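K.L.:
Have a look at the structure that comes next, please.
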Amino acid sequence: MSQLDEFKAYYGRVEDLKQSLNLLSWDQHVYMPQGAAETRAQQLSTLSSLIHEYTTSQQMKDLLAQLARQHYAEDSDEGRLLARAQRSVDQASKLPAEFVETLSRQRSKTAHVWLKARAENNFKLFEKELAKIYDLVRQQADYLGYETHPYDALHDQYEMGSTVAALKPMFAELREETVELLKALGTAEQIDDALMHKAYDTEKQRQVSEEVARRIGFDFEHGRLDPTVHPFAQDISKYDVRITTKYVENWFASSLFGTMHEAGHGMYEQGIADAYHRGPLGAAVSLGVHESQSRLYENLVGRSYAFWQGYYPRLQAHFPAQLSDTSLDDFYRAINKVEPSLIRIEADEVTYNLHILIRFELELVLLEGSLKVAELPEAWNEKYEAYLGITPPSDALGCLQDVHWSEALVGYFPTYTLGNLMSVQLFEAAKRAHPGIEADMVQGDFTKLLSWLRDTIHQHGSKYTPAELVQKATGQALTAKPYISYLNSKFRALYGLS
Ligand code: ZN
């Protein structure tokens with residue numbers, strides 16, 4: 001057995017543990033009976049510590065050290081897989097066990113307090129715990145190490161190589177242009193989306209969700225779609241990808257676009273090269289790239305006119321009572337209604353990023369310490385007024401709405417906007433490579449789009465950094481410009497503005 005094979009065999013066993021953990025975690029959110037919560041938490045914790053133990057073991061370090069002496073070319077699969085493995089070993093080793101334990105205890109405590117604070121609209125209750133979380137993530141950044149800004153250390157865990165210095169100007173440009181567009185749309189005649197709130201039988205919604213996921217290319221031979229409360233996608237491995245959705249009788253958009261979103265995540269996992277299975281390159285490279293795939297299918301496919309030219313007659317056949325009197329044009333307008341709202345997860349394509357940019361800006365000043373946690377509600381509300389023109393009537397609908405900070409996920413939010421920006425830049429490159437993609441969508445044929453994404457993004461797993469992937473796939477570095485022009489041309493036309 002060569003040293004590389006020995007390493008792969010060892011790493012594969014750690015991956016098997018991760019896959020088992022993923023399956024148990026998926027089940028926890030989908031099928032597990034409530035009474036099993038405590039034992040399941042125990043199982044997950046045991047598996048996590050085994051994974052940590054094997055990842056940071058002397059055997060792993062020795063194997064990597066031996067292979068480092070082979071001097072594989074940096075850009076070869078071998079060179080890259082060793083670099084990725086070294087990165088996970090380093091990240092796992094940098095945090096002292098005692099710190100990991102403290103952080104984990106604080107997270108459980110804060111998550112619990114957050115639920116109560118949100119339910120009671122009581123920020124004071126949450127304030128002290130959130131301050132402790134920020135103290136801990138500052139320490140975490142120090143342990144992980146950074147060159148210019150502590151935020152980089154945290155953000156890099158989710159988006160390899162992305163930095164505050166690169167995000168700031170790109171996000172500022174996006175913010176200014178979006179605020180301006182939103183103001184313009186506000187002067188136009190508003191869209192009525194009441195038809196989306198009619199009663200849509202949830203069993204029929206399920207059939208539509210499956211049909212749509214299949215139509216765009218989600219592989220049910222290697223995947224499942226199940227209902228859950230907070231939808232997500234979870235790969236067990238590339239051969240077994242679980243996506244979830246939520247059927248709400250009087251809010252059909254939830255399952256319709258939610259399913260396309262999660263199917264986008266799922267197809268990414270399903271498309272990773274077979275050769276990378278159970279190895280360090282066998283995972284999606286970042287949350288931003290992941291989100292680019294889900295947003296591409298949810299918005300650039302799912303909320304496009306071309307898609308509905310092909311699929312709307314079928315949807316009407318599923319729901320004749322609700323939709324037979326609604327024209328394709330009116331349906332298309334309804335699913336693209338823009339309206340500033342308080343809640344991020346319900347936001348439309350135009351306003352969504354503003355919610356993210358607010359969180360990013362606040363995370364930075366909280367981390368730097370120039371904003372005290374006690375001042376968060378006021379700062380939050382000021383930004384909502386400035387960017388979206390609305391003020392939250394309560395903290396429950398304001399700074400207490402997201403679970404992320406209570407779980408110490410600081411540096412995570414920007415990946416949502418990075419995903420949006422990438423989605424448009426990638427989609428335009430796909431259309432340049434295959435000009436017939438939109439005509440195909442009308443025909444219900446999504447194969448060229450999927451195979452382009454397979455070639456340029458999916459198959460590579462973690463081989464390339466997000467920046468390298470975007471550069472290789474689109475011929476240029478990531479920029480906000482394609483997204484800004486996309487928003488302007490789509491929504492100005494929809495709202496009858498020139
Ligand atoms: Zn997503």
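Laboratory data are not the source of any read-out in this text; all were calculated from the coordinates shown. In this text the structure is predicted, and so the values were computed from the model without any measurement. Heads up, the Cβs are rebuilt from the backbone with ideal geometry, glycines too, and the neighbour counts pull from every protein chain shown.
K.L.:
Tell me whether the range 1-94 comes out rounded, prolate or oblate; compute the Cα gyration tensor, take square roots of the eigenvalues as a ≥ b ≥ c, and use a/c under 1.5 as the rounded threshold.
P.N.:
Working: a/c = 2.97, a/b = 2.56, b/c = 1.16.
Note, shape of the range 1-94 comes out prolate.
K.L.:
Right, another one. Return a single number: how many Lys pairs in the range 72-173, at a sequence separation of 8 or more or on separate chains, have alpha-carbon atoms below 14 angstrom apart. Intermediate values should be presented prior to the final figure.
P.N.:
Numbers: LYS109/LYS128; LYS109/LYS132; LYS116/LYS124; LYS116/LYS128; LYS124/LYS132.
Qualifying lysine pairs in the range 72-173: 5.
K.L.:
How are the C-alpha pair distances of the range 424-498 spread across 10 Å bins, as whole percents from the shortest bin up?
P.N.:
Cα pair-distance distribution for the range 424-498, in percent: 18, 39, 33, 8, 1.
K.L.:
Over all pairs of distinct alpha carbons, what does the Kirkwood formula give as the hydrodynamic radius of the chain, in Å? Intermediate values should be presented prior to the final figure.
P.N.:
Values: mean 1/r = 0.0416 Å⁻¹.
Kirkwood hydrodynamic radius for the chain: 24.0 Å.
K.L.:
Could you grab the Rg to Rh ratio for the range 134-260? Cα atoms only, Kirkwood for Rh.
P.N.:
Values: Rg = 20.9 Å, Rh = 18.7 Å.
Rg/Rh: 1.11.
K.L.:
Taking the beta-carbon count within 10 Å as an exposure proxy, list ARG303, ARG333 from fewest neighbours to most. Please list the in-between numbers first.
P.N.:
On the way: ARG303 19, ARG333 16.
Neighbour counts put them in this order, fewest first: ARG333, ARG303.
K.L.:
Related question: As a test, work out the antiparallel percent of DSSP beta bridges whose residues both lie in the range 147-498, rounded to the nearest 5.
P.N.:
On the way: 4 of 9 bridges.
In the range 147-498, approximately 45 percent of DSSP beta bridges are antiparallel ones.
K.L.:
Let me ask you something else. If you take all C-alpha pairs in the range 280-336, what percent of them are over 16 Å apart?
P.N.:
Details: 854 of 1596 pairs.
Here the long-distance tail beyond 16 Å is 54 percent of all Cα pairs in the range 280-336.
K.L.:
Restricting everything to alpha-carbon atoms, can you work out Rg to Rh for the range 183-237 with a Kirkwood hydrodynamic radius? Before the final figure, lay out the partial values.
P.N.:
On the way: Rg = 16.8 Å, Rh = 14.7 Å.
Result for the range 183-237 is an Rg/Rh of 1.15.
K.L.:
Within the set LYS183/LYS246; LYS431/LYS481; LYS337/LYS490, which residue pairs have Cα atoms separated by over 21 Å?
P.N.:
Values: LYS183/LYS246 32 Å; LYS431/LYS481 17 Å; LYS337/LYS490 12 Å.
Cα-Cα > 21 Å for LYS183/LYS246; rest within.
K.L.:
In addition: Using 1/(1 + (r/R0)^6) with R0 = 22 angstrom and r between the beta carbons of THR163 and LYS472, what's the FRET efficiency to the nearest 0.05?
P.N.:
My answer for the efficiency is 0.65.
K.L.:
Let me ask something else. Counting other beta carbons within 10 Å of each Cβ, put ASP142, ASP240, ASP201 in order, fewest first.
P.N.:
ASP142, ASP201, ASP240
K.L.:
What does the charge count around TYR247 come to, taking other residues whose C-beta lies under 12 Å from its C-beta (Lys +1, Arg +1, Asp -1, Glu -1)?
P.N.:
Working: positive: LYS204, ARG206, LYS246; negative: ASP201, GLU203, GLU210, ASP226, GLU249.
Its environment carries a net charge of -2.
K.L.:
A further question follows. Counting other beta carbons within 10 Å of each Cβ, put VAL424, VAL30 in order, fewest first. Intermediate results must be reported in sequence, preceding the final value.
P.N.:
Values: VAL424 23, VAL30 16.
Arranged by neighbour count, lowest to highest, VAL424, VAL30 become VAL30, VAL424.
K.L.:
While we're on this one: Measure off 7 Å from each Cα along the Cα-to-Cβ vector at VAL365 and ALA275, then give the distance between these two points in nanometres to one decimal.
P.N.:
In this crude label model, VAL365 to ALA275 measures out at 5.0 nm.
K.L.:
Follow-up. Report the percentage of all Cα-Cα pairs in the range 122-193 whose separation exceeds 16 Å, rounded to a whole percent. Don't skip to the answer; put the middle values down first.
P.N.:
On the way: 1725 of 2556 pairs.
Taking all Cα-Cα pairs of the range 122-193, the fraction more than 16 Å apart is 67 percent.
K.L.:
Between ALA493 and LYS128, what length comes free when the chain is fully extended (0.36 nm per residue of separation minus the Cα-Cα distance, one decimal in nm)? Kindly include the intermediate steps, with their values, before the conclusion.
P.N.:
Working: separation 365, 0.36 × 365 = 131.40 nm, distance 4.75 nm.
Separation in residues times 0.36 nm, less the Cα-Cα distance, equals 126.7 nm.
K.L.:
Turning to a different aspect of this structure: Where nothing but the Cβ of Lys and Arg (+1) and of Asp and Glu (-1) is charged, how large is the charge dipole of the chain around its Cα centre, in debye to the nearest 20? Walk me through the numbers before you get to the answer.
P.N.:
Numbers: 50 positive and 69 negative charges, 59 e Å.
Taking the Cα centre of the chain as origin, the dipole is about 280 debye.
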